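The values are calculated or read from the model by the stated rules, or taken from the named source; none is laboratory data. Small disclaimer: the values here were computed from a predicted structure and weren't measured. No Cβ is skipped: glycine too gets one built from the backbone with ideal geometry, and neighbour counts run over all protein chains shown. These accessible areas exclude ligands, DNA and RNA; they are computed on the full protein's heavy atoms, side chains included. Shrake-Rupley method; radii C 1.70, N 1.55, O 1.52, S 1.80 Å.
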Amino acid sequence: MKHFEYLEPGTVDEACGLLKQYAGNARVFAGGSSLTILLKQGFLQPDALINIKKIDELRRIEESGEDLVIGSLVTHHDIEVSEVLARRLPVLCELEHDVANIRVRNMATVGGNIASGEPLTDLPCVFITLDATVRIANTSGGRTLALEEVFVDYYETQLQEDEVLTHVVIPPLPAHSAIDYVRFSSSSVVDKPCIGVAVRMTVDPDGGACREVRVGLGCVAPTPMRARNAEAALEGQPLNDDNLQKAARAAAEECDPMDDLRGSERYKREMVAALVRRLSSRVYDQARGGRS
Amino acid sequence: MKKAITMEVNGASCRVEVEPWRTLLDVVREELDLTGAKLGCDIQVCGACTLLVDGKPVSACSVLAVDADGRKVTTVEGLAEGDRLHPLQESFMKFGALQCGYCTSGFLLTAKAMLDENPHPDDEQIKSYMGGSFCRCGCYQEIMQALRSVARS
Ligand SMILES: Cc1cc2nc3c(=O)[nH]c(=O)nc-3n(C[C@H](O)[C@H](O)[C@H](O)COP(=O)(O)OP(=O)(O)OC[C@H]3O[C@@H](n4cnc5c(N)ncnc54)[C@H](O)[C@@H]3O)c2cc1C
Ligand code: FES
Ligand code: FES
């Protein structure tokens, strides 16, 4: 590893100030699970690491009014065992059982999961279908972005050199809604996911039409994405074989997967279709049954 | 530039001066002479380097030593109490749950953390928690027997 300074600010403001001072040559250091690998392999050679783990206010999972607020230092394992989330959004706790391994879950943070811009992740795909936003601190007052807008390309995000992602904010689910996620792994379960699909919808209690449909896809494009054509195929109608099929085909077409050791492009598109069909149908039934 | 850090290693306070780019695994092995934990994959996949930091398993190959400042670190050398082996160690011997032993330190520490969280896990819970630890000699059957035996006692 190239030599670097190791700095430990006690507040978010201080962290942003240090980042600004290093003008792009410093990195935020959270769990370090992704950074240490890049440092060891020489892909990154920053002048300084800004360890933000002394900033305790970023560690909390809280209910704020109707919203859920997840601090950027919350780890995968914190989510896995969170009582608040088990009550409000059990889908997040359940998916975490399959993320990486217990060691990575103990170290790696929500902020790092998003800010690394890694393509093979789970949480961002689900957060996007929940219409989550992120709070970002910087040296000029901060900003809020829809989570979907944070991602630019493989390993590339909107975060600027003096910015720290501080919180993920999740609005409440409307009544008569359900959400679910499938993490599909094509090799061993401890491998990174090959495909992630999340579906959320509200079902009209009279008439059964799908409303506010969100289809999130992970790992099958440079960034996590919404399959908007698939959503449109279901929006406003009760679910049937015909629109289910249309939604599945639309998602398979609008994603942009890469051939790699986890599967060929064609295989991944077929799997996206199968998973969107299966999950949409399950989520529809859950929302209609009043369970969410 | 070195930084002074203080850790509680296997119950004893210890102060070392380390460069910020050194890993916890490297420091524990080279500075503290605790060589039970091994370097395997170096990318957090295999578990050979597992140490407990504040009781939780982490891949020490990918933890910076400076990041363990002020924390409690447990290595496999800290499992026994004097001459009395930990029940997990006894059980691994009884069931022959190792061949070369390269993975053993990681398995023992991960299993300890699992049992501290849940003293009586069933087979599925054991597999789910231990799934990220690899044994290249393939002693999984024996390891399961050894863990099951402690989980049921
Ligand atoms: C073996 C292995 C298996 C994995 N399997 C999975 C999996 O199945 N599913 C999955 O989703 N992920 C998986 N991951 C990825 C893992 O979840 C991410 O590496 C992790 O979430 C990164 O978090 P971190 O806190 O360790 O980030 P760090 O390594 O500390 O940082 C990563 C990047 O994000 C930046 N950063 C971190 N926090 C912030 C912040 N608050 N503000 C601004 N920038 C920030 C850093 O500067 C750095 O560029 C796996 C990783 C490994 C090593
Ligand atoms: S050497 Fe650290 S996990 Fe393999
Ligand atoms: S005993 Fe050889 S790797 Fe497990």
Select from the range A:185-201 the residues that are surrounded by fewer than 19 Cβ atoms within 10 Å (Cβ to Cβ) and in contact (Cβ under 8 Å) with a residue 40 or more places away in the chain and write down the one among them that is nearest to A:I136 (Cα to Cα). A:K192
Which numbered condition in (1) away from chain A (no Cβ under 14 Å); (2) within 16 Å of ligand 3 (Cβ to nearest atom); (3) open to solvent by 10 Å² or more (accessible area, probe 1.4 Å); (4) in a loop (DSSP other than H, G, I, E, B) is the only one that B:A97 fails? (3)
I want to confirm something. Restricting to the range B:61-74 and keeping residues that are out of contact with any helix residue (DSSP H, G or I) (no Cβ under 6 Å at 6 or more places or on another chain) and not in a strand (DSSP E or B), which single residue is surrounded by the fewest Cβ atoms within 10 Å (Cβ to Cβ)? B:G70
Filter the range B:107-143 for residues that are away from ligand 3 (no atom under 13 Å from the Cβ) and away from chain A (no Cβ under 14 Å); the one that is most open to solvent (accessible area, probe 1.4 Å) is B:H120
Expected output for the range A:85-98 (first residue within 13 Å of another protein chain (Cβ to nearest Cβ), partner assigned to a helix (DSSP H, G or I), Cβ below 7 Å, 6+ apart or cross-chain) is A:E96/A:H76; A:E96/A:I79; A:E96/A:E80; A:E96/A:R105; A:H97/A:E80; A:H97/B:S128
All but one of (1) more than 16 Å from B:A65 (Cα to Cα); (2) more than 16 Å from ligand 2 (Cβ to nearest atom) hold for A:I50; state the number of the condition that does not hold. (1)
Kindly establish whether A:A15 is farther than 16 Å from A:S72 by Cα, away from ligand 3 (no atom under 16 Å from the Cβ) and open to solvent by less than 80 Å² (accessible area, probe 1.4 Å). no
Count, please, the residues in the range B:75-86 that happen to be away from ligand 2 (no atom under 16 Å from the Cβ) and crowded, with 17+ Cβ neighbours inside 10 Å. 3
For A:G71, only one of the following conditions fails: (1) over 20 Å from the mean Cα position of the chain (by Cα); (2) closer than 27 Å to B:C61 by Cα. What is its number? (1)
Can you confirm whether the range A:12-21 contains a residue that is within 14 Å of chain B (Cβ to nearest Cβ) and near ligand 1 (Cβ under 10 Å from one of its atoms)? no
Would it be correct to say that A:V28 is outside the structural domain of A:T139 (by TED's automatic domain parsing), closer than 16 Å to A:T75 by Cβ and either surrounded by fewer than 17 Cβ atoms within 10 Å (Cβ to Cβ) or touching a residue at least 40 places away in the same chain (Cβ under 8 Å) (or both)? yes
When (1) without any contact (Cβ under 8 Å) to a residue 40 or more places away in the chain; (2) more than 9 Å from chain B (Cβ to nearest Cβ) are applied to A:L39, the one that fails is (2)
Which one is nearest to ligand 2 (Cβ to nearest atom), of the residues in the range B:3-60 that are part of a strand (DSSP E or B) and in contact (Cβ under 8 Å) with a residue 60 or more places away in the chain? B:T50
Odd one out for B:I43 among (1) away from ligand 1 (no atom under 16 Å from the Cβ); (2) loosely packed, with under 15 Cβ neighbours inside 10 Å; (3) at pLDDT 95 or above: (1)
Subset of the range B:40-93 (residues that are under 13 Å from the mean Cα position of the chain (by Cα), more than 9 Å from chain A (Cβ to nearest Cβ) and among the hydroxyl-bearing types (S, T, Y)): B:T74, B:T75
